[in-house]
Amino acid sequence: MRAGSSGAAVAAWEALFVAQSTLARRFAAAPVWHGRTMQEYDVLYQLSKPGAERLRQCDLTSLLLISQPSLSRLIDRLVKDGLVERRADPEDRRGTILSLTDAGLELQRRIGAGHARDVATAMRERLTADEIETLRILTERLVAPEE
C-alpha cells in the first residue's frame, strides 16, 4: 500500500526532518527552560506521563533520542538536583525505578506550560487547525505498529 516514487518519499522525509530540526532549534532558544536543557525536560516530561510510575532507565532510553551513557549522566544530574529519585524495583531488585520528586513535577509543569505555548504558536503560524490534525494523523501512522 505504498504510494509514490522513492524520490517523493525521500523528499517528504527530508522535509519532515528539516521541519523537526528547525523547530527544535527555535524551541531550544525560547526562554522557558528555567536553566534546564530540552533533553533534561524530556526526561521530566516522560516521567510525568500517566503510567510512568514504574519507568526504568532502560525504558527511558527507548523513548528518547539519547545514548544510554548520556542518559545515565543526565539522570545523575537530575537526581543530584533533587528533581528525580531512584528507588529499588520491588519486583526486580536488580532494577531501579525512576520517579519525579515534587520539585521535579513542579518544574516539569512550569516548563511544560511555556513549551506548549511555543509549540502551539509555531504550529498555528504556518498550519490551519485541519492541517495540524492531518499532520498528527500522518506522523502517528508513520510510527504505528504494523498490523
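The values are calculated or read from the model by the stated rules, or taken from the named source; none is laboratory data. If you're wondering where the values come from, they're calculated on a predicted model, not measured in any experiment. So basically every Cβ, Gly included, is an ideal-geometry build from the backbone, and we count neighbours across all protein chains shown. Quick note on the areas: whole protein, heavy atoms, side chains included, nothing else; ligands and nucleic acids left out. Shrake-Rupley method; radii C 1.70, N 1.55, O 1.52, S 1.80 Å.
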- prompt: Ranked highest first by the average count of other Cβ atoms within 10 Å around their residues, in what order do 20-28, 58-66 fall?
  reply: 58-66, 20-28
Assigned charges on the beta-carbon of Lys, Arg, Asp, Glu; the stretch 58-147 dipole about Cα centre (debye): 460
query: Taking the Cα atoms of the chain, what is the range of coordinates along each of the three principal axes, in descending order and whole Å?
result: 51, 38, 25
query: Hey, got a sec? Which GluC sites (Glu not before Pro) in the stretch 69-125 land in a DSSP loop and have at most 15 other Cβ atoms within 10 Å?
result: Glu91
task: Beta carbons within 10 angstrom, averaged per residue: use that to sort the peptides 131-140, 71-80, 112-121, highest first.
output: 71-80, 112-121, 131-140
statement: With all protein chains present, the chain has a carbon and sulfur share of its accessible area (1.4 Å probe) in percent of 57
statement: By the DSSP-based rule, helices of the chain that are at least 30 Å long along the axis (C-alpha) and have a mean Kyte score of at least 0.0 are 6-28
- request: Any chance you could run the full-extension gain for Met123 through Arg93? It's 0.36 nm times the residue separation minus the Cα-Cα distance, nm to one decimal.
  value: 6.4 nm
- prompt: Averaged per residue, what accessible area in Å² does the chain show with a 1.4 Å probe, protein chains only?
  reply: 70
query: Using modelled amide H (1.01 Å from N, peptide plane; none on Pro or chain starts), what sits under 5 Å from the amide H of Asp89, excluding residues fewer than 5 places away?
result: Gly95, Thr96, Ile97
field: Only Lys, Arg (+1) and Asp, Glu (-1) charged, at Cβ; the stretch 3-121 dipole about Cα centre in debye
entry: 180
